[in-house]
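Coordinate-derived values only; no laboratory data. Keep in mind that what you see is a predicted model, and the values were worked out from it rather than measured. Note that each Cβ is placed from the backbone with ideal geometry, even for glycine, and that neighbours are counted across all protein chains shown.
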Amino acid sequence: MVINKGGNLSKEYFKAYLELIMNSLGISIELAKEKAFSRLFSNKESTLGYISYNNFICAYSELEKELAH
């Protein structure tokens with residue numbers, strides 16, 4: 001997936017990215033979050049900005065709740 005670092009990434013983008021990682025690697029949501037945070041944010045919350053980071057956390061939380069049911 002291509003990232004435009006000039007704009008804010010949506011919650012839907014991050015949900016799709018997390019699902020892609022989980023499905024392609026066969027890993028849990030927690031491990032997918034770690035890999036995505038490392039790859040996209042270089043382990044720094046400020047890398048893509050506050051709005052994108054907040055959307056990332058919201059996407060993770062929402063997906064985690066969906067998978068729990």
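Convex hull volume of the C-alpha atoms in the chain, normalised per residue: 74 Å³. Taking all Cα pairs closer than 8 Å and separated by 6 or more residues, the relative contact order of the stretch 8-61 comes to 54 percent. Here's the picture: charge each Lys and Arg Cβ at +1 and each Asp and Glu Cβ at -1 in the stretch 11-68, and of ASN54, ALA16, LEU40 the one pushed furthest to the positive end of that dipole is LEU40. What are the DSSP H helices in the chain that stretch 18 Å or more along their long axis, judged by alpha-carbon atoms, and whose average Kyte-Doolittle hydropathy comes to at least 0.0? Both cut-offs are met by 11-25. Between GLU30 and GLU64, the distance separating the two model label sites (each 7 Å from Cα on the Cα→Cβ line) works out to 1.0 nm.
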